[in-house]
Amino acid sequence: MFKNREELITFRDEIKKSLEKQKIKLLVCAGTGCVAGGSLEIYKRLTDLMTERGWPYSVVLEEEPHGDTVGMKKCGCHGFCEMGPLLRVEPQGWLYTKVKIEDCEEIIDRTVIGGELIERLAYHKNGEVYPKQSEIPFYKKQTRVVLENCGHVDAESINEYIAIGGYTALERVLFDLNGSEVVKIVKDSGLRGRGGAGFPAGIKWETVRGLEADQKYILCNGDEGDPGAFMDRSIMEGDPHRVLEGMMIAGAATGATEGYIYVRAEYPLAVARLVNAIKQAKEKGLLGKNILGTDFSFDVHINRGAGAFVCGEETALIASIEGERGFPRVRPPLTVIKGLFGKPTVPNNVETYANVPQIINHGAEWFKSMGCPGNAGTKAFALTGNIENTGLIEVPMGTTLREIIYDIGGGCRGGAEFKAVQIGGPSGGCLTREHLDMPLDYDSLKTVGAIIGSGGLVVMDEHTCMVEVARFFMHFTQNESCGKCVPCREGTKRMLEILERIVEGKGEMSDLDTLAELSDMIIATALCGLGKTAPNPVRSTLQHFRDEYVAHINGTCPTGTCKKLKKIRIEPTECRGCSKCTKVCPVNAISGKIKEPFVIDQNKCIKCEACIISCPFHAIKTV
């Protein structure tokens, strides 16, 4: 346990030497995606092989190393999820993709022992080989600040975090700066909350610092509920100590002595890594009473959410921590004034806190040197959907959608044409081809009715039905509505009913006006942020793809996606009259005579497509 700053500095110097003794490091991705792909089995196989060969390796970074070793590490998400399981080799900087158990023996013999690149495991694109991770197009245009340690350090080791400079920002805050100076640095940096509307973090900190109270709290929102979003999860899994350090700095700056991290229970690996990090920090004396011999005390608690999307809204989240049902409440009073347990509270999300240590270490001007005016720094995005390179990325604020979709994402899968991207999850909106060169920042997106939200980017190609997309997100939002206020509870239900009629071909032109009116009403009168943003996917698709709504009302889905609008017919010139289709039709919709073309009664057909599968002559088709 470190009793003072000097002990921490001495330990850092020693543990850094130990890290340098690891002449080769194998960093196996142990983020959720790669774990699901078998990366932990790969990790175990690699260690077993080194044991069999008598090759020295270490899975724990020790203060007193015994000669040169191979560092075996379970690291956080590398980001290139499309290519997992992933393994990084240092110091060469090689990245092996789609690693399998059967590759392990070759990795040990040729790479660890022989120092040789296994070219077939490197990333290949258009006949070119990219051995180094930094050279791969997916990474080349990224600027990784929050994610810089993810994939590069042992996610389960406080020693390694300290060795690479972890907790130096906390040292500075406790010994070289006072609270008002820390708040000024954060405020001057222009750091805006990375979890939603982008409210300046420094203003929240300043407000809480200025209040007199017997108790103040630091609240970390890790309830990342947007479909397709996994930025905060990856940070908690891959660099948990950085999140803790950011929260502790916020506590020291504002006078708070307790922190709460609210994580959804669907993130068991993130919870496990955070629990481990808190335990390690307490053992080192970096959490608890009189940290590093100062009068600053701070502790962190973890609360697991049950998965309610509305608990991403800070007042509902607070109610959940307090043991109440996750209902939002009317503001004012603001959370910074009367938040958790009725006390002043700083509420920010995981990514926001993870930015803080670097801002303290490098200064406000360094942070402002990235991004664009009014939108400093970088932003992490989860890139998913119909795109070649799915994964976790980080780019400067103001990067264009074109750069993300084509330069980093590699364009739509299979060479399909880009159609739209849903940004900001169910609370966001659709951006189209006309927005490809628009900078992605809080202010620019607001002008087109969209928000960054937590940072989910769901890419859609020409084969995507935008009416079905709107229905999907409205179904999600309506299902997740807490039901407290009438506009959200009833309004989203009515909107969903209309959208379901439209995708079934039962809509009317008047429904489009009703959707617009309901959207305006819900936005104006709903209680919380979930309700106020619920109509966004409908509004944006109505604005940019109204012709698709009209086509559905006229009985056609332009992309052929909507099942109820499909028609299945038998081509009379190709049908041999074998009658196999009649035997599999569950509703007896097919009739005819043997050796003559059969026909389908469209009024009976339920579009199950069993007849298409059964036809040996491929005479049955959807139109």
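Every number in this text was worked out from the coordinates using simple rules, so none of it is lab data. All values reported here derive from a predicted model rather than from experimental measurement. Glycine also receives a Cβ, built like all others from the backbone with ideal geometry; neighbour counts cover every protein chain displayed.
A compact table of results
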| quantity | calculated |
| --- | --- |
| Radius, Kirkwood style, for the stretch 328-418 when every pair of distinct Cα atoms is counted (Å) | 16.1 Å |
| Descending principal axes extents, the stretch 166-368, alpha-carbon based, whole Å | 42, 36, 34 |
| Given Lys17/Lys141; Lys17/Lys368; Lys74/Lys187; Lys184/Lys379; Lys21/Lys279, the pairs whose alpha carbons are separated by over 28 Å | Lys17/Lys141; Lys17/Lys368; Lys74/Lys187 |
| Spin-label model distance (nm) - Val550 vs Asn361, 7 Å beyond Cα toward Cβ | 5.6 nm |
| Helix-derived mean residue ellipticity, 222 nm - over the chain, DSSP H n ≥ 4, -39500 (n - 2.57), to 500 | -10500 deg cm²/dmol |
| Partner lysines for Lys583 [C-alpha distance under 25 Å; skip if fewer than 8 residues away on the same chain] | Lys563, Lys564, Lys566, Lys567, Lys593, Lys595, Lys604, Lys607, Lys621 |
| Thr378 long-range amide H proximity, modeled H, under 5 Å | Met397 |
| Summed residue charge, Cβ within 11 Å of Arg471's Cβ, Lys/Arg positive, Asp/Glu negative | -3 |
| Per-peptide average of other Cβ atoms within 10 Å, ordering 521-534, 21-34 highest first | 21-34, 521-534 |
| Within the stretch 378-435, GluC sites (Glu not before Pro) in DSSP loop having at most 16 other beta-carbon neighbours inside 10 Å | Glu417 |
| Dipole moment magnitude, nearest 20 debye, the stretch 531-623 about Cα centre, only Lys, Arg, Asp, Glu C-beta charged | 220 debye |
| Residues Asp520 and Glu212, FRET efficiency given R0 of 51 Å [Cβ-Cβ distance, rounded to 0.05] | 0.75 |
| For the stretch 60-172, radius of gyration divided by Kirkwood radius, i.e. Rg to Rh on alpha-carbons | 0.99 |
| Two-site label geometry, Arg489 and Val587: point separation in nm, points 7 Å out along Cα→Cβ | 3.5 nm |
| Extension reserve of the Val623-Lys289 stretch, reckoned as 0.36 nm per residue once the Cα distance is removed | 113.2 nm |
| Alpha carbon Rg of the stretch 466-553, scaled by the compact-globule rule 2.2 N^0.38 Å | 0.98 |
| Under-5 Å amide H pairs with Lys98, H placed in peptide plane, nonlocal only | Gly84 |
| By average C-beta atoms within 10 angstrom, highest first, the peptides 113-122, 442-451, 498-507 | 498-507, 442-451, 113-122 |
| In degrees, nearest ten, helix 486-503 long axis to first principal axis of the chain (Cα) | 50 degrees |
| Whole-Hz couplings from phi, Karplus 6.51/-1.76/1.60, listed for the stretch 556-568; x for Gly and Pro | 9, 9, x, 9, x, 7, 6, 4, 5, 9, 6, 10, 10 |
| His301 versus Glu62: modelled label distance in nm, points set 7 Å from Cα along the beta carbon direction | 3.9 nm |
| Angle between the chain longest axis and helix 466-480 axis [Cα atoms, degrees, rounded to 10] | 60 degrees |
| Gyration tensor (alpha-carbon) shape descriptor, the chain, a/c threshold 1.5 | oblate |
| Cα long-axis angle, helix 39-53 against the chain (0 to 90 degrees, to the nearest 10) | 50 degrees |
| Computed E for Cys578/Glu500 - FRET, C-beta separation, R0 35 angstrom, nearest 0.05 | 0.40 |
| Amide H contacts under 5 Å for Gly195, placed H, 5+ residues apart | Asn349 |
| Cα gyration tensor, the stretch 263-348 - rounded (a/c under 1.5), prolate or oblate | oblate |
| For the chain, with +1 on Lys and Arg beta carbons and -1 on Asp and Glu, the positive-most of Phe617, Val89, Gly453 along the dipole | Phe617 |
| Assigned charges on the beta-carbon of Lys, Arg, Asp, Glu; the stretch 457-598 dipole about Cα centre (debye) | 740 debye |
| Table column - 3J(HN,Hα) (Hz), the stretch 351-366, Karplus curve with 6.51, -1.76, 1.60, x for Gly and Pro | 5, 4, 5, 5, 6, 4, x, 5, 5, 5, 6, 10, x, 5, 5, 4 |
| ³J(HN,Hα) computed for each position of the stretch 531-539 - Karplus, 6.51 cos²θ - 1.76 cosθ + 1.60, integer Hz, glycine/proline x | x, 5, 9, 3, x, 3, x, 6, 4 |
